[in-house]
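One structure below.
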Amino acid sequence: MTSLNSHGLRFAFGTLTVLPVRVTRWDRATARAGMLCAPLAGLVVGLLAAALGSLSLLAGPGPLLAAVASVAVPAALTRGLHLDGLADTADGLGSGKPAEDALRIMKQSDIGPFGVITLLLVLLAQVAVLFELYGQGSAHGALGAVVAAVAARLALTLASRQGVPAARPEGLGATVAATVPAGRALLAVVVTVALCAAAGALLGPYAALRHALAVLGALAAAELLLRHCVRRFGGVTGDVFGGVEETAATAALVVLTLGT
């Protein structure tokens, strides 16, 4: 079990980040452990995003540059993989074509108009929300960046649960699809929500509730996209996972600004 957990951590960091981690096993048992560890990869990404954002704020240019820095870090640490998946998913869904044709569009290397518009709006939304949070103080912006990154990767854990099929027989989507038992996925949700609420409590009791709701809101938005993609494409792909991740990150940030 210890060995599997170690390989799972390698799988999570090796597939969800560009950090120098070598994936030494590539099977469904490792994929299951890896997707359960996905929120930990999100935590590291979020902490690095928060660190750069906070340093930018302390340097003096203001909350806008801090917000841009915090959005840039996750993109850099994934080489834009999740953003590319979001764009490809938007192109596939926006095409209105049957599943086979839509999947073929998603595999193409170029990005169509639906993808460009979606990327632009999502990135603008993330920067706008983090601008508001950093405007309230470094702690608010930093914690927002961390919670968004963790919630985004937790959404990948849920998207990998048993009962969610793969749309193709090959690729990362097929490797991780339906690997995580529903009970373990639910446990990951409970633990993550509790920890994010505890972190939010450092900013006050109302902040604890808001950060817990941010995670739940992120998962709800991601689940809506996931179910729509399963209906349209017949299952999930690596691109769908990218779309789910970015949707969850954006939704978490939006919820954090509600009522502030």
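Of note:
- Taking trypsin sites (Lys or Arg not before Pro) across region 1-80, the ones in a DSSP loop with at most 11 further Cβ atoms lying within 10 angstrom of their Cβ are Arg22, Arg79.
- Each residue, Arg25 and Tyr206, gets one label point 7 Å from its Cα in the Cβ direction; the gap between the two is 4.8 nm.
- The simple Förster model, with R0 at 22 Å and r as the Cβ-Cβ distance, assigns Val190 and Ala76 a FRET efficiency of 0.10.
- Loop GluC sites (Glu not before Pro), region 73-177 (other Cβ atoms within 10 Å of the site Cβ: 14 or fewer; DSSP): Glu170
- Rounded Å value of the spacing that divides the Cα centres of region 120-156 and region 168-237: 16 Å
- By definition, a body whose alpha carbon gyration tensor gives a ≥ b ≥ c is oblate when a/c is 1.5 or more and a/b is not larger than b/c, and region 100-188 fits this oblate description.
- Local net charge near Phe11, Cβ-Cβ under 10 Å (Lys/Arg +1, Asp/Glu -1): +2
- Solvent-accessible surface of the chain, averaged per residue with a 1.4 angstrom probe and all protein chains in place: 43 square angstrom.
- Choice from Ala214, Ala152, Ala33 showing the highest fluctuation, given a GNM over the chain with Cα pairs closer than 10 Å: Ala33
- The chain: angle of helix 205-233 to the longest principal axis, Cα-based, in degrees nearest 10: 20 degrees
- Cα gyration tensor shape of region 109-155, rounded if a/c is under 1.5, else prolate or oblate by comparing a/b with b/c: oblate
- Computed helical MRE - 222 nm, the chain, DSSP H runs ≥ 4 contributing -39500 (n - 2.57), nearest 500: -26500 deg cm²/dmol
- Cα gyration tensor shape of region 1-154, rounded if a/c is under 1.5, else prolate or oblate by comparing a/b with b/c: oblate
- For the chain, with all protein chains in place and a probe radius of 1.4 Å, 69% of the accessible heavy-atom surface sits on carbon or sulfur.
The values are calculated or read from the model by the stated rules, or taken from the named source; none is laboratory data. Because the structure is a prediction, the values reported are computed rather than measured. Quick reminder, even Gly has a Cβ in these numbers, built from the backbone with ideal geometry, and neighbours come from all protein chains shown. With ligands, DNA and RNA removed, areas are computed over all heavy atoms of the protein, side chains included. Shrake-Rupley method; radii C 1.70, N 1.55, O 1.52, S 1.80 Å.
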